[in-house]
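One structure is given here, and the rest of the page talks about it.
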Amino acid sequence: MSDQLRAELARIAAEMGAADVPFIVERPRDPSHGDWATNLAMGIAKVQKANPRTLADEIVGRLALPAGIVSRTAVAGPGFINFWLAGDELAEQLREIIRQGPEYGRSQAGAGRRVNVEFVSANPTGPLHVGHGRGAALGDLIATMLQWTGHDVTREFYINDAGVQIDKLAKSLWARVQQAAGREAEIPEGGYHGEYLAEAATALLAEEGPGFADRAEVEAAPVCRAFALRSQRIEQDELLRDFGVVFDVHTSEQSLYDNGKVASALAVLRDKGLLFDQDGAIWLRTTSFGDDKDRVLKKSDGSYTYLVPDIAYHVDKFARGFEYLIDVWGADHHGYIPRMRAVLVALGHPGDSFEVPLVQLVKVVRGGEEMKMSKRAGNFVTLRDLLDEVGIDAARYFFLMRRGDTPFSFDVDLAKKQTDENPVFYLQMAHARMAGIFRVAGRTVDEVGDSADVAGLPAPQDAELLKALTAFPETVARAAAERQPQRITSYLEELARVAHGWYHHCRVLGEPAAVEQGRLVLARAARIVLGNGLKLLGLTAPDRM
């Protein structure tokens, strides 16, 4: 319905000489304001310097929607136009939910556009922490929403396996090897102190033999480096799979150097006149892109700065045929976004082809007190610890409840509650209740069919539930377009509230035949939409709780 209404409003806007004026069609917050609303009149008024209410009346007069779709319209406030759906249209939308079943909520708005979503990309220097978990949930849902709206999506993990931090990891592991052999050894300055490296040292000695600890450090360092990277990557991948996150592509930073892509990117930058040499170093003219100073790419000692492989990596993504790049980064990288975008624009890529949703850190709270650290990691709460305590469904849902770029306190006690206070329990219980209706009736959902006399359903809660269900596709489309996963959780929580209210106030079985049939169809549709929403979030949809 929203697409049909939007198309009709676009036609009217063109007739009124305002084809380029942006407008929205959305669900009003207050149900008394109708089922859909548009700000088209106010948009045209702003451009044409006209009275928005007068324009709204004109738009209403020009409407030519098929009969049986809209029962009435009203102009409200400064010029909003509100629409109420007719019973025929509501009945058709109910049938459409059931016809589409597991596909309901999907669309082809993305038209097969190729999108690369890169997220998590944690340094392979230690266990994943809860901040990584938030980024994983956010990135995975962004990718899924884009898939649901027709995009061709690739999930990618960038392995930061080059540079100083990896050298420190290898040296830290070597120190742990010496300690495991009963010798005094200090973790190097800036190294890694977690117990996970003590575990890795034991595993390395088991693999290489106890004599490995007697080798010269210069000889052992490459072995330590390779083993540490391999073991950490295996652990990261296993944990992310347990969390329901699977990547299509893993790209190694070191490979960008080894296969010449870093050198190639520098050559392209030089050919475009974006590099200059000074004081034995190679500089990038970032002041030409609005930066406060030019940036060093290659130091006078011959080593590269972090910006170089990042440029090469993003150039390579575009070379692989992606139209849009979405990188989910920690909020501490905020200042890095315009610099990277400017470089890509200078290389000929559209500015809007590169997006960076940001993820703020997570504070884990139990009993009102912040949990400070994990015994194994040493200085932070690991994602594994959290999953073991609250479960995958609760962890994913809680990470997605708020905008990623806002600070978040993860309440462990709330996540473990089996009550209506816990939003994920409340949502899953709504799905289970819809399924339970059919168990009590002794009928399968397929037996019920899709035929219902919507107009004959007597309670206002019947219409409220149906209208809430029909908002799902629009919610998914908007959340995907705006990269705002919390729109999905907010919608599902409201739908669960409406579904629970309907369940308590509207008897299904034992009512007159037409009412019983109508409510069974409505329960079937509610189960579909709640199940699809849970699937979209990567959660289970239990039929019993």
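Could you compute the net charge surrounding F276? Neighbours are other residues with a C-beta less than 10 Å from the C-beta of F276; K and R count +1, D and E count -1.
0
Tell me which trypsin sites (Lys or Arg not before Pro) from the stretch 180-248 have a DSSP coil assignment and no more than 13 other beta carbons within 10 Å of their own.
R183
Given a 1.4 angstrom probe, I'd like the percentage of the accessible area of the chain that is carbon and sulfur, rounded to a whole number.
50
Can you list the GluC sites (Glu not before Pro) in the stretch 103-199 that are in a DSSP coil and have 10 or fewer other beta carbons within 10 angstrom?
E184, E186, E189
Net charge near K261: determine it from the other residues with C-beta under 12 Å of the C-beta of K261, scoring Lys and Arg +1 and Asp and Glu -1.
That works out to -2.
Scale the Cα Rg of the stretch 34-74 by the rule-of-thumb value 2.2 N^0.38 Å and send over the ratio, two decimals.
For the stretch 34-74, the normalised Cα radius of gyration comes out at 1.26.
Calculate the FRET efficiency for K299 and R403 from the Cβ-Cβ distance with a Förster distance of 41 Å, rounded to the nearest 0.05.
Plugging the Cβ-Cβ distance into 1/(1 + (r/R0)^6) gives 0.60.
Report, for the chain, the % of DSSP beta bridges that are antiparallel, rounded to 5.
Antiparallel bridges make up about 50 percent of those DSSP assigns within the chain.
For the chain, find the longest principal axis of its Cα atoms and tell me its angle to the long axis of helix 195-208, 0 to 90°, nearest 10.
60
Quote to one decimal, in nm, the extra length available between R29 and D352 on full extension: 0.36 nm per residue of separation minus the C-alpha distance between them.
Result for the pair: 113.2 nm of gain on full extension.
On a straight-distance basis, which aspartates and glutamates could pair with K261 in a cross-link, Cα separation under 17 angstrom, same-chain partners fewer than 8 positions away excluded?
The qualifying aspartates and glutamates are D161, E253, D271, D310, D316.
With every protein chain kept in place and ligands, DNA and RNA left out, what is the accessible area per residue of the chain? Probe 1.4 Å, answer in Å².
Value for the chain: 44 Å² per residue.
Hull surface divided by four, with the convex hull built on the Cα atoms of the stretch 393-455: how many nm²?
If you wrap the Cα atoms of the stretch 393-455 in a convex hull and average its projections, you get 7.1 nm².
Compute the whole-percent fraction of alpha carbon pairs in the stretch 194-278 spaced more than 18 Å apart.
The proportion of pairs with Cα distances above 18 Å equals 64 percent.
So how much slack lies between Q418 and R72, counting 0.36 nm per residue of separation and subtracting their Cα-Cα distance, in nm?
120.2 nm
L539: net charge of surrounding residues, Cβ under 9 Å, Lys/Arg +1, Asp/Glu -1, itself excluded?
+1
Between the helical axis of 261-271 and the dominant principal axis of the chain, each derived from Cα atoms, what acute angle in degrees is found, rounded to the nearest 10?
So the inclination is approximately 80 degrees.
Roughly speaking, what is the centre-to-centre gap between the stretch 321-356 and the stretch 156-225 when only Cα atoms are used, to the nearest Å?
Cα centres, the stretch 321-356 to the stretch 156-225: 35 Å.
How many angstrom lie between the C-alpha centres of the stretch 271-302 and the stretch 238-256?
After rounding, the separation between the Cα centres reads 32 Å.
Helix 164-180 sits at what angle to the longest principal axis of the chain, using alpha carbons and giving 0 to 90 degrees rounded to 10?
Between helix and principal axis, roughly 70 degrees.
Starting from 0 in steps of 10 Å, tell me what percent of the Cα-Cα pairs of the stretch 69-167 lands in each bin.
13, 23, 22, 21, 12, 7, 2
Report the calculated FRET efficiency for Q165 and E15 (r = Cβ-Cβ distance, R0 = 56 Å), to the nearest 0.05.
Efficiency for this residue pair is about 0.35.
Report the calculated FRET efficiency for H250 and E186 (r = Cβ-Cβ distance, R0 = 45 Å), to the nearest 0.05.
0.85
Would you mind checking the pairs K272/K293; K293/K317; K168/K299; K272/K317; K363/K417; K372/K416 and listing those with alpha carbons more than 22 angstrom apart?
K293/K317
What trypsin sites (Lys or Arg not before Pro) does the stretch 44-142 have in DSSP loop regions with at most 16 other beta carbons within 10 Å?
Listed in order of number, the matching sites are K49, R113.
Over the stretch 396-544, what number does the Rg to Rh ratio reach, with both radii from the alpha-carbon atoms and Rh per Kirkwood?
Dividing the radius of gyration by the Kirkwood radius yields 1.00.
The values are calculated or read from the model by the stated rules, or taken from the named source; none is laboratory data. Please read all numbers here as calculations on a predicted model, not as lab measurements. With ideal geometry, Cβ positions are generated from the backbone for all residues, glycine too; neighbour counts draw on all protein chains shown. Keep in mind that these areas ignore ligands, DNA and RNA; they rest on the heavy atoms of the full protein, side chains included. Shrake-Rupley method; radii C 1.70, N 1.55, O 1.52, S 1.80 Å.
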